[in-house]
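One structure is given here, and the rest of the page talks about it.
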Amino acid sequence: MRIILTADETLTTTYRDLPLADFLGCAPPQRIPPILYRFIDTQVPHKNGRLTFAPYSLRKIEAALLKSYKDVVVAHPQHIEKFIKEDTRIVAVTAMDPLGLGPITMITESGKLPSYTR
């Protein structure tokens, strides 16, 4: 694939449909037991590495790119290596709060420990 779109894994987990668990990515991993991340990290389905469900932003970019390009894929972050080849030109990754400046992140990290998403 020449153009690969993906997301960080915090955006492709279902968090076992637990209310407010989506905010765990905003917390410093040093304060969350690793076993909790492993327990709660249930990834959305994929078909041969292609995301079945993807963040809205990725689908919008995909739709725009497909108007001009045929070889665009929205890849599951755990399977991205299946799509990166010699002819790959773009790998785009979306993230919710990569700088750790969002309100929830600022509250949970208190400026001392970086968030999981940062």
### Query
By DSSP, what percent of the beta bridges with both residues in the chain are antiparallel, rounded to the nearest 5?
35 percent
### Query
How long are the three semi-axes of the equivalent ellipsoid for the chain, computed from the Cα gyration tensor as the root of 5 times each eigenvalue, in whole Å, largest first?
29, 15, 13
### For Ala7, residues with placed amide H under 5 Å, excluding near neighbours
Thr94
### Message
To the nearest 20 Debye, how big is the dipole of the stretch 3-109 about its Cα centre, given +1 on the beta carbon of each Lys and Arg and -1 on that of each Asp and Glu?
### Response
340 debye
### Query
For the chain, what is the calculated [θ] at 222 nm in deg cm²/dmol (nearest 500), taking -39500 (n - 2.57) for each run of four or more DSSP H residues and dividing by its residue count?
-6000 deg cm²/dmol
## Note on the structure
When the charge dipole of the chain is computed with +1 on Lys and Arg Cβ and -1 on Asp and Glu Cβ about the Cα centre, the Cα farthest towards its positive end, among Cys26, Leu99, Leu51, belongs to Leu51
### Task
Enter the angle in degrees (range 0 to 90, nearest 10) between the Cα long axis of helix 56-66 and the first principal axis of the Cα atoms of the chain, meaning the one along which they spread out most.
10 degrees
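Given the stretch 1-56, what whole percent of its Cα pairs are spread farther than 17 Å? Could the numbers behind the result be given before it?
Details: 647 of 1540 pairs.
Looking at the stretch 1-56, the distances longer than 17 Å represent 42 percent of pairs.
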### Message
Number of Lys pairs in the chain with C-alpha atoms less than 22 angstrom apart, excluding same-chain neighbours closer than eight positions?
### Response
7
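All of the numbers you see were taken from the coordinates with simple rules; none came from a lab. If you're wondering where the values come from, they're calculated on a predicted model, not measured in any experiment. For neighbour counting, all protein chains shown are included, and Cβ atoms are generated from backbone atoms with ideal geometry for every residue, glycine included.
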